[in-house]
Each structure stands twice: as C-alpha cells, then as structure tokens.
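Read through the structure below, which is laid out as structure tokens, and then see the notes.
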Amino acid sequence: MPAALITVFVSVMVVFMIAAGQNSFMKYRIIEKKKGRRTEMSVEMIKDLIGQNVTISLFNESLASRGVIIAVEDNWVKVEEKKQTRIINGDMIRDIAIVPEKKAN
C-alpha cells in the first residue's frame, strides 16, 4: 500500500513540474514583451512552406493544427484544415513538421 501511494505522489509531482516549466516559459515571454524586447517570429522560413501539408505544434502542447499553410502575414499563420481555417499567433508556435503526402490524406 505505501509503495502505491509513493508512486501516485511521484507521478503527480512530475506532472506539476512539467506544467510549472511551461508556465515559467510563458511568464518569461510576457516579461520580455513588457520590457519591449519582443522577438518576432521569422516568417521567411514559414513562407517557404506555403501550400504544403504541415502539423503545427503549439507551446501549450494541448493543441496541434494539421493542414495546409495558405498565408503568412506579420506574426500570424493561416492554416486551412479539413473542416475549418485557423489563424495562429506565431509567438505560440513551438515547431512545424512537414507531413508526407501519404499521411496528409
């Protein structure tokens, strides 16, 4: 019984530590933005991906968008999914993966 409680406690602590790390990163971004040291997303590389099937992962890792990049303006990326179109803030993008044609369908 005590071993099970320790296992549950350790797994809960790991989850909280991961969540705290994500929050600290977002707090850092907010502080830098308030100080005027905002770093803009480089759109040149993303403009090369216009028309390609991609998966866009966000910093909060709860959502990912899979579709075709149709436009990139300033700090925003427009992605056309199967049933909807999303406009994603570039500051929230963690990474973009190109999806092979076979998996895109």
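The values are calculated or read from the model by the stated rules, or taken from the named source; none is laboratory data. Here the structure is a predicted model, which means the values were calculated and not measured. All Cβ positions, glycine included, derive from the backbone under ideal geometry; neighbour counts span all protein chains shown.
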Criterion: modelled with pLDDT of 85 or more and in a helix (DSSP H, G or I) - qualifying residue of I30, I46, I88, I6: I46
Residues of the stretch 49-85 satisfying the condition of being within 30 Å of V15 (Cβ to Cβ), not charged (D, E, K, R) and not in a strand (DSSP E or B): F59, N60, S62, L63
Tally of residues being in contact with an Asp or Glu (Cβ under 9 Å, 6 or more places away or on another chain), of a type in the set (D, E, K, R) and more than 16 Å from T55 (Cβ to Cβ) across the stretch 72-87: 1
Pick from the stretch 54-75, criterion of a type outside the set (D, E) and more than 13 Å from the chain's Cα centre (by Cα), ranking: farthest from I98 (Cα to Cα): N75
Of all residues making up the stretch 61-105, the number that are of a type outside the set (A, V, I, L, M, F, W, C) and exposed (fewer than 13 other Cβ atoms within 10 Å of the Cβ): 17
